[in-house]
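The values are calculated or read from the model by the stated rules, or taken from the named source; none is laboratory data. If you're wondering where the values come from, they're calculated on a predicted model, not measured in any experiment. Neighbour counts are summed over all protein chains in view; Cβ atoms, including those assigned to glycine, are modelled from backbone coordinates with ideal geometry.
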Amino acid sequence: MSELSKQKEIGENMSDSRQLTTLVKELDNTLRTVKSVDEYLSRIAKAKEVLGKESVELSETIEKNKDNLEQSLLEIGKLVQTALDHIQISDEELESASQQLKLFTNGTNEAIEYAEKELKGLEEGTYWARYWSGLLSRLKS
């Protein structure tokens, strides 16, 4: 494989991983938004005397739809995470990242410390755990 092809492949993998990582993070934000619907429904329930019987029926419909939405979001989140976790990380990508990290920090020792912090708490086998673990191995060798 030519050097240009390798760089293109690294770029595509990084782009895919960033895109999927953004989706994972956005899912957390979206789920928080869905949870805020509960607060709104509580306020509606307190105002049901003023709003009338129709508000109760609408609230029940919203609650049902909210639960369906939340479940669907969780399912798509699993799909996104699985896709992210199946992205391969090439040796060339790790080499490039290790060189960049050394430049970003003040050399190999700081790069190792940084990578260790990033790796801490990540679930084994996930894309980012494999990425930081591979980067750490590369930095230590």
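Residue under question is Asn65, and the condition is that it be over 20 Å from the mean Cα position of the chain (by Cα) and outside any helix (DSSP H, G or I); does it hold? Judged against the criteria, Asn65 is not a match.
If I filter segment 63-81 for residues that are crowded, with 16+ Cβ neighbours inside 10 Å, among the small types (Gly, Ala, Ser) and not assigned by TED's automatic domain parsing to the domain that holds Arg18, do I get at least one hit? No: segment 63-81 contains no residue that is crowded, with 16+ Cβ neighbours inside 10 Å, among the small types (Gly, Ala, Ser) and not assigned by TED's automatic domain parsing to the domain that holds Arg18. Yes or no: Glu123 surrounded by fewer than 11 Cβ atoms within 10 Å (Cβ to Cβ) and within 15 Å of the chain's Cα centre (by Cα)? Spelling it out, Glu123 is indeed surrounded by fewer than 11 Cβ atoms within 10 Å (Cβ to Cβ) and within 15 Å of the chain's Cα centre (by Cα). State whether the residues of segment 100-112 include one that is modelled with pLDDT under 90 and surrounded by 13 or more Cβ atoms within 10 Å (Cβ to Cβ). So far as segment 100-112 goes, no, none of its residues is modelled with pLDDT under 90 and surrounded by 13 or more Cβ atoms within 10 Å (Cβ to Cβ). Among the residues of segment 53-73, those identified as in contact with a helix residue (DSSP H, G or I) (Cβ under 8 Å, 6 or more places away or on another chain) and closer than 28 Å to Arg18 by Cα are Leu69, Glu70, Leu73.
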